[in-house]
1. Considering only region 148-197, state which residues are closer than 25 Å to H231 by Cβ and among the basic types (K, R).
2. Would you be able to tell me the number of residues in region 169-198 that are surrounded by fewer than 17 Cβ atoms within 10 Å (Cβ to Cβ) and part of a loop (DSSP other than H, G, I, E, B)?
3. Take the conditions under 19 Å from F45 (Cβ atoms) and at pLDDT 85 or above and apply them to I105. Does it pass?
4. Only one residue in V110, V153 is among the β-branched types (V, I, T), more than 30 Å from K196 (Cβ to Cβ) and either touching a His at 6+ places or on another chain (Cβ under 9 Å) or in contact (Cβ under 8 Å) with a residue 40 or more places away in the chain (or both). Which one?
5. Those residues that are farther than 15 Å from A112 by Cβ and either touching a Lys or Arg at 6+ places or on another chain (Cβ under 8 Å) or in contact (Cβ under 8 Å) with a residue 12 or more places away in the chain (or both), I need them from region 157-179; list them, please.
6. Within region 210-262, how many residues turn out to be among the basic types (K, R), in a helix (DSSP H, G or I) and modelled with pLDDT under 70?
7. State the number of residues belonging to region 118-168 that are of a type outside the set (S, T, Y) and assigned to a helix (DSSP H, G or I).
8. List the pairs whose first member sits in region 132-146 and is over 21 Å from K156 (Cα atoms), whose second member is of a type in the set (A, V, I, L, M, F, W, C), and whose Cβ atoms are under 7 Å apart, counting only residues at least 6 apart or on separate chains?
Amino acid sequence: MTDSEKHQMKKHNSIDLLVDNLANQFSNIKNFELTQNDPMGNKFFNFIVKHSTELEAFKNLFVHYYLPASIKSSQDFSRELKFSKYKNVIKINAEELKENYFETIRLGYVGAFHKYETYIKSISKLMDEFFLDLIDEGDYQNIEPYLKENFNVELKKTINNFPASEKINWIANCVKHYGGYPIKQPVLHSFNNADKSEKIKIEAKEFREDLDNLLRQNQTILSALFLVGFHQFAGQEHSNIKEQLSEGKTEEDVKAVRSKLEESIKFLFNI
């Protein structure tokens, strides 16, 4: 075994850690079992793993490859300039040389938000497929219109309900529409004191933390949508209510369950 392979064995495998964490989160979702005998469960798990690993790989691509390359490029240019016969003509300071580094991070926020949009579009469709296995098609209302009708929440408009997507979206919009300057109105609270005449400058550590927060947000939304689906399931006149009443529970008991679901849904969506 090579020294490199031994070193790799000693390190925690980031993919293993991610998948193990996702498996633990799935195991905590009430009424949802992830087993080899549950095709829908496996489909759900594979979907989440795919989107989570894509975002993790995207983060690592920037942090471990693009950003070091942008720094090296600036260093190479600085070294070349130092020995150039035109060094007295070309006036570029150290801060200006680092602009490619900051520009790379700004573009990372744009890409991260696109990945989030893709996740939101895909997760609601998969939720509908899952709950159609539990609720008769004629009685089932798709997850997004049900969420809007019962909780006045539009999934695609919950960006500002969560700090992670709010920040990433705001920065992405500044990059796409305002040349990277922190001037999109309303200005994000954390940028109130930022110099509006300078482009957004974020270091790799903060970028990495923001994407980690987005990963956690994706899991929160997944949990919230499960609860929305079970809220509808519990309210079906000929399904869960009658079943629970036949087990000796009162209608008030069933209503109490739905009430707790409502509270949890509102909490998870920050409403």
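The values are calculated or read from the model by the stated rules, or taken from the named source; none is laboratory data. Everything numeric in this text was worked out from a predicted model, so none of it was measured. So basically every Cβ, Gly included, is an ideal-geometry build from the backbone, and we count neighbours across all protein chains shown.
1. K148, K156, K157
2. 14
3. no
4. V153
5. Once the filter is applied, which keeps residues that are farther than 15 Å from A112 by Cβ and either touching a Lys or Arg at 6+ places or on another chain (Cβ under 8 Å) or in contact (Cβ under 8 Å) with a residue 12 or more places away in the chain (or both), region 157-179 yields T158, N161, H177, Y178, G179.
6. Residues in region 210-262 being among the basic types (K, R), in a helix (DSSP H, G or I) and modelled with pLDDT under 70: 1 in total.
7. Total meeting the criteria: 30.
8. D133/M40; L134/F233; I135/F233
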